Amino acid sequence: MLEPPQAAPVIVGDDCLIGSRCIVADGARVGDGVVLGAGCVLTGSIPVIDAATGEELGRGVVPDWCVAVSATRSRTFDGGTFGMPCVLVIKHLEPGERHDKAQLNDVLREHGAAT
């Protein structure tokens, strides 16, 4: 009899703020000091992209000390162009830098993200 596949562990670093309605599952890693905006979906296969450069930072790993939000990126298939989920890093923080709630809401609103 086949064994069901084992789910990869989820790792969340210290000093994180995980917004409401987030899903962090199956192999996702959230670095120290990360602020994950409301409604983010992060699994081990979701691309994490730097908004400043457009560079894919990896899959399923949000780097230390940043603000990240849910987003989509266009992908073209035979049937058309579709928005595929990703996580977008919109701000890099200095290690140990914290935002008060008003500052954090301003950062998120500046980028049109849910607060």
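Of Ala68, Ala38, all but one fail to be open to solvent by less than 40 Å² (accessible area, probe 1.4 Å), out of contact with any Asp or Glu (no Cβ under 6 Å at 6 or more places or on another chain) and without any contact (Cβ under 8 Å) to a residue 40 or more places away in the chain; the exception is Ala68. Of all residues in the stretch 41-55, those being acidic (Asp, Glu) and open to solvent by 70 Å² or more (accessible area, probe 1.4 Å) number 1.
The values are calculated or read from the model by the stated rules, or taken from the named source; none is laboratory data. Since this is a predicted model, take the numbers as computed values, not measurements. For neighbour counting, all protein chains shown are included, and Cβ atoms are generated from backbone atoms with ideal geometry for every residue, glycine included. Ligands, DNA and RNA are excluded from the accessible area calculation, which covers all protein heavy atoms including side chains. Shrake-Rupley method; radii C 1.70, N 1.55, O 1.52, S 1.80 Å.
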